[in-house]
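Have a look at the structure below before the remarks.
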Amino acid sequence: MKVHLALSGLPTFTGLDPSALGQRLVIAPSLNALESAFNPLKYDESSERPVMDISIPTIHDPSLAPNGQHVLSAIVQYAPLNPKGGWEALRAPFMTAVIAELTRYAPDIASLITAQELLTPADLADTFGMTGGNWHHGELTMDQVLMTRPATGISQYQTGIDGLYLCGAGSHPGGGLMGLAGKNSAQEIIRQGELA
């Protein structure tokens, strides 16, 4: 699931030097917190204390927001594709839970929000064709990693169609390692060219 927040200023994260805000921030305080965030997913429910990966891209590219303002983007883990009651009923309460969890670490964030967007797994599937709403473009399960990513028969960045290669999040090493699948695919194309 993705959350986007438009912010009137840069949030202050307790105990974190502002120079670190240009890095990927992870809210997952412990293994127990991860387990607690995941557990409701087994029952098609969402966590009241979600874990998330956060970036503030405007630190590196201020042109993404008006002068002095910022954008926060969060990948929120363990959200059900089809929750009990449906996403329309859960959308507002889940966004409230996300903001509450962010507020634990950045107490001023709620006062900085000028706009917000929640893209549920269903939204990601419908809008971007991301199977199951998965930001990795497929599950990272043992049968779909390393040399079998995204699936046996179309791995190692090749598709079976001469000259057509895969390079997105569905290819090894998956989403979250931005650009690495593309780099690996380019290296495979070069290697294939050397073999020809």
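The values are calculated or read from the model by the stated rules, or taken from the named source; none is laboratory data. Note that the coordinates shown come from a computational prediction; the quantities given were computed from them, not determined experimentally. Using ideal geometry, Cβ is built from the backbone for each residue, glycine included, and neighbour counts are taken over all protein chains shown.
Any residue at all in region 22-44 that's assigned by TED's automatic domain parsing to the domain that holds Gly86, under 17 Å from Asp108 (Cα atoms) and acidic (Asp, Glu)? No, the conditions are met nowhere in region 22-44.
With respect to the conditions (1) surrounded by 11 or more Cβ atoms within 10 Å (Cβ to Cβ); (2) modelled with pLDDT under 80, Leu180 lacks only one, and its number is (2).
In region 32-45 there is no residue matching the filter, namely being within 15 Å of the chain's Cα centre (by Cα) and crowded, with 18+ Cβ neighbours inside 10 Å. Considering region 1-28 alone, what residues qualify as being hydrophobic (A, V, I, L, M, F, W, C) and either at pLDDT 95 or above or outside any loop (DSSP other than H, G, I, E, B) (or both)? Across region 1-28, the qualifying residues are Val3, Leu5, Ala6, Leu7, Leu10, Phe13, Ala20, Leu21, Leu25, Val26, Ile27.
Remark: pairs (first residue in region 29-45, part of a loop (DSSP other than H, G, I, E, B); second residue among the hydrophobic types (A, V, I, L, M, F, W, C); Cβ separation under 9 Å; 6+ apart in sequence or on different chains) = Pro29/Val51; Asp44/Leu81; Glu45/Leu90.
I'd like to check something: does region 106-116 contain any residue that is over 14 Å from the mean Cα position of the chain (by Cα), under 20 Å from Thr14 (Cβ atoms), surrounded by fewer than 15 Cβ atoms within 10 Å (Cβ to Cβ) and not small (Gly, Ala, Ser)? Yes: one or more hits. Whether a residue is within 19 Å of the chain's Cα centre (by Cα) and not acidic (Asp, Glu) was assessed, and Thr14 does not pass this test.
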